[in-house]
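Working notes, beginning with the structure itself.
What follows is calculated from the coordinates using simple rules that are stated; it is not laboratory data. It should be emphasised that the depicted structure is a prediction, and the values quoted were computed from it without experimental measurement. So basically every Cβ, Gly included, is an ideal-geometry build from the backbone, and we count neighbours across all protein chains shown.
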Amino acid sequence: MMSKPVDAAAPAPAIEIRFGQVGLIQVRVRSTDPGAILDELTGKVASAPLFFQRTGVCLDLTLLGRDPQLEEMRAVMDAVRRAGMLPVGLVGGSAAVESLSAALELPVLAPFRPQTQPVPVVQAAERVESGIPALMQQQPVRSGQRVYARSRDLVVTATVGAGAEAIADGSVHVYGSLRGRALAGARGETSARVFCQEFRAELVSIAGVFRVFETLPPELAGRPVQAWLDGDDLRFAPLGS
Amino acid sequence: MTEIIVVTSGKGGVGKTTTSASVACGLARRGKRVAVIDFDIGLRNLDLIMGCERRVVYDFVNVIQGDCTLKQALIKDKRLETLHVLAASQTRDKDALTPEGVKRVLDELIAEGFDYILCDSPAGIEKGAHLAMYYADRAVVVVNPEVSSVRDSDRILGLLASKTQRAEQGNGGVKEHLLLTRYNPKRVASGEMMSVDDVKEILGLDVIGVVPESPDVLAASNSGVPVILNDESNASRAYDDAVGRLLGEELPMRFLEEPKRGFFARMFGG
């Protein structure tokens, strides 16, 4: 009877392979004019640097209506990088894309399933802004009260008290102390954000993704803070940092 | 022009009735015609604090239900001739109060020519508290420098801004004042107790007075003499200042710091 000797000190593998899901911004390219791309994307990045700066983007060429040349694509990618975003893939669909991807050393990613809400880059510029001003709440939102801005943003120019709720289908802006709950994107708008001047929130939620604050993280407590959704993760950062 | 002032808090035991009694006396002492009404049906104690519990023949509910006239129910204070007390019923409960009934009584008091009607609210946010604040022109929200009292007062401020006649009619709303009671400067200095500024920051309102914690308040309840009538007491002076400010006077805040003991007091433990 022979038993295989057990290797007592097997070295740990250098890598582990796991499957995960990431939310990725899709940049749909209508024109390969690098100047125009650089202009537009720079503007986008400047509008929300924390969100867009060095973020991975997937390039979708279907709107071009033709197969671009390799050199064109190199110029496009250069423009995208110079604007501050990082191309990390091409949306697949044709043989031309397959060969471009090999030459550009980018993976081919599956075509996007349309999200319930359009992604912020480029497409956001096309979405017609309805122009309804935010719901203005000038009085403090007292404990036990709830204020809801339907189909728009909510702006509170006073305190949201502990035990109070400030809710909006759009973003929630509190020019005061946020001590209660803030719920933005109440009907699923994932690009909605929460902003406040003094962060002491009990709970923050965006499009249903929420976080309860049993203790306030020292880097956020009492400071101006914004919260946003990065895929499925709720992120917080001091404003102006 | 009669002014209806509700004394409310949300939290129980913070000093509403003590405040109602002292403010009523303070106003009457300045010559105003004052009626103070106990809205705590079933758990009345305004009459105890005012020292007229043995003179209650008819009460607020009797008047609402037409068992007696308002004049028969109003108890005239023995010390201040322009002050009258309307006691609550001890045997009924708050369901005996109706909005129409309360309005009728208040209108009759206004017709009688009272300058101020003070409504001593019960604790909580149910019917009694709701009716006490509903017809108010002004509110004195009594707060202890303590987290649950502050939270409950925030709730009450929300109700004052939304569930009162003035709020519903868009008449400028009920004018809100905070009165901080049971303030202990020593504990504030050591960081155990919230300061005036802490309370102001959370509630977003200025205070109309700070009444220091005082053993005189218990003595006052026991003897049925509202503390403002005790000239030796700091609580009394603080209440008097608050009454002055309610009437528009500008008075500096007192009793925010521990009293400094003089040399002899420290030497001989006075």
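Worth pointing out:
- Loop-located GluC sites (Glu not before Pro) in segment B:195-258 whose Cβ has at most 13 other Cβ within 10 Å (DSSP): B:Glu232, B:Glu249, B:Glu250, B:Glu257
- About its Cα centre, chain B has a charge dipole of approximately 380 debye under the convention of +1 per Lys or Arg Cβ and -1 per Asp or Glu Cβ, with nothing else charged.
- Two-decimal log10 I(q)/I(0) for segment A:152-241, as the Debye equation yields it once each C-alpha is a single scatterer, q = 0.24 Å⁻¹: -1.20
- Compactness relative to 2.2 N^0.38 Å, alpha carbon Rg of the protein assembly as shown: 1.41
- Straight-line cross-link partners of B:Lys76 among the lysines, defined as a Cα under 20 Å from its Cα and at least 8 positions apart when in the same chain: B:Lys32.
- Quotient of Cα Rg and 2.2 N^0.38 Å for segment B:62-129, N being how many residues it contains: 1.14
- Listed by chain and number, the lysines placed with their C-alpha closer than 20 angstrom to that of B:Lys186 are B:Lys200, B:Lys260; residues fewer than eight positions away on the same chain are left out.
- For chain B, the relative contact order works out to 24 percent when only alpha carbon pairs closer than 8 Å and six or more residues apart are counted.
- Rounded to the nearest 20 debye, the dipole magnitude of the protein assembly as shown is 620 debye, with +1 charges on Lys and Arg beta carbons, -1 on Asp and Glu beta carbons, and the Cα centre as origin.
- Using the Cβ of A:Ala36 as centre and a radius below 14 Å, the other residues enclosed give a net charge of -1, where K and R count +1 and D and E count -1.
- Reachable aspartates and glutamates, given that their alpha-carbon falls under 15 Å from the alpha-carbon of B:Lys127 and they are not under 8 places away in the same chain: B:Asp38, B:Asp40, B:Asp93, B:Asp95, B:Glu100
- Value of relative contact order over segment B:30-172, rounded to a whole percent, pairs C-alpha under 8 Å and six or more apart: 27 percent
- Applying a DSSP loop filter and a limit of 14 other Cβ atoms within 10 Å to the trypsin sites (Lys or Arg not before Pro) in segment B:52-138 leaves B:Lys78, B:Arg79.
- For chain B, the antiparallel share of DSSP beta bridges with both residues in that region comes to about 5%.
- Mean sequence separation of contacting Cα pairs (under 8 Å, at least six apart), scaled by the length of segment B:136-222, corresponds to a relative contact order of 33 percent.
- Ranked A:Ser177, A:Ser191, criterion: other C-beta atoms within 10 Å, fewest first: A:Ser191, A:Ser177
- Legend: mean number of C-beta atoms from other chains within 10 angstrom of residue C-beta atoms, peptide A:138-147, equals 6.
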